[in-house]
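The values are calculated or read from the model by the stated rules, or taken from the named source; none is laboratory data. Just so it is clear, the model here is predicted, and its values are computed rather than measured. Note: ideal-geometry Cβ built from the backbone for every residue, glycine included; neighbour counts use all protein chains shown. Just the protein is used for accessible areas: all its heavy atoms, side chains included, with ligands, DNA and RNA removed. Shrake-Rupley method; radii C 1.70, N 1.55, O 1.52, S 1.80 Å.
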Amino acid sequence: NMYADRSFFGSYRVQAIYGPAHRLVHGTTTHGAQYQDAARRLIPETYYHPAGPVGQLFAALDNRLTGKGVAAIGLGAGSVLCYSKPGENWTFFEIDPLVRRISSNPKYFSYLTECAVRPRIVIGDARLSLAREPNARFSVLIVDAFSSDAIPVHLLTREAFALYERVLDEHGVLFVHISNKHLDLKPVVASLAKDAGLFALMEDHEPDEKADGDLAYPSEWVALARTREDL
């Protein structure tokens, strides 16, 4: 371990691993990793790998996000920020100030300081923080708070989805990370999508270790939008 600390929300470690890479672990769950060599340090890894669903989403959206807002619930190491392009406005909603302290320290991770956009980071419960955001502020909302052992279930309710819809613009995409060792969240998100009248596409992605490397993790993601065309 290069670093270890705990907060009200659990214990965190930054580990130096083979690669060379740094990995952020919360309890027993990895919350991001970063290669340390210049060639690979700005490639999002773990659940956010370019070959996986997150890479596919941002490749599909391509230049549709110029001048638009992108938001993510859950900061982790900040990996997903490296899909940002100049001219986009990014916001992270993170409940734990300790996570921001770790991910903002370039000694451990440099996504927040080296990727294309400097994000706004809002500390606090995401439902309360999002409730203060104006209507249609974001074109993409990534909900990435469910990979740990204990999940914030209030982010997977009918009321939460109504809030997500309110802050997304007309063609906005809600992108939910449902990888979890203990819980099958597919039927939960499917029911919420049906209830809200949203179209949903799910991908259960298995990386090709030879092509994608050791830090590309399997992941499950669901993309939701108001119309089939938006997906």
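Here's the picture: charge each Lys and Arg Cβ at +1 and each Asp and Glu Cβ at -1 in the chain, and of 92, 225, 213 the one pushed furthest to the positive end of that dipole is 92. Considering only 196, 16, 38, the mean-square fluctuation computed in a Gaussian network model of the chain, springs between alpha carbons under 10 angstrom, is largest for 38. Distances between every pair of Cα atoms in the range 95-154, grouped in 10 Å steps from 0 to the bin holding the largest one, split as 16, 44, 36, 4 percent. Element breakdown for the range 110-231 at a 1.4 angstrom probe: carbon and sulfur atoms account for 54% of the accessible area. Normalised by 2.2 N^0.38 Å, where N is the number of residues, the alpha-carbon radius of gyration of the range 156-217 equals 1.38. Averaged per residue, the range 176-216 has 61 square angstrom of accessible surface, using a 1.4 angstrom probe with ligands and nucleic acids left out. For residue 15 and residue 150, what is the calculated FRET efficiency with R₀ set at 25 Å and r taken between the beta-carbons, to the nearest 0.05? For residue 15 and residue 150, the calculated efficiency is 0.70. Compute a Gaussian network model of the chain, connecting alpha carbons closer than 10 Å, and tell me which residue from 19, 52, 172 fluctuates the most. In the Gaussian network model the winner is 19.
Using a 10 angstrom cutoff on alpha carbons, build the Gaussian network for the chain and name the most mobile of 61, 192, 98. Taking springs between Cα atoms under 10 Å, the residue moving most is 61. Taking all protein chains into account, the per residue accessible area for the range 14-70 stands at 41 Å² (1.4 Å probe). What's the whole-number percent of alpha carbon pairs in the range 1-120 lying beyond 18 angstrom? Looking at the range 1-120, the distances longer than 18 Å represent 49 percent of pairs. If you model the chain as an ellipsoid using its alpha carbon gyration tensor, with each semi-axis the square root of five times an eigenvalue, the axes come out at 26, 19, 18 Å, biggest first. Placing +1 on the Cβ of every Lys and Arg and -1 on the Cβ of every Asp and Glu, with no other charges, gives the chain a dipole of roughly 700 debye about its Cα centre. The listed peptides 75-83, 163-171, 4-12, ordered by packing as a protection proxy, come out as 75-83, 163-171, 4-12 (highest mean of other Cβ atoms within 10 Å first). Let me have the relative contact order for the chain, percent, based on Cα pairs under 8 Å that are six or more residues apart. Contact order relative to length: 17 percent. By DSSP, the beta bridges lying fully in the chain are antiparallel in about 60 percent of cases.
Any idea how far the Cα center of the range 171-201 sits from the one of the range 48-68, in Å? A separation of 18 Å, based on Cα centres. Just so you know, the averaged projected area of the alpha carbon convex hull for the range 107-231 sits at 9.5 nm². Of the Cα atoms belonging to the range 121-168, the radius of gyration and Dmax stand at 10.9, 32 Å.
Highest-first packing order for the peptide set 117-126, 180-189 is 117-126, 180-189, based on the mean count of other beta carbon atoms within 10 Å.
Other residues with beta-carbon under 11 Å from the beta-carbon of residue 220 carry, at +1 per Lys or Arg and -1 per Asp or Glu, a net charge of -3.
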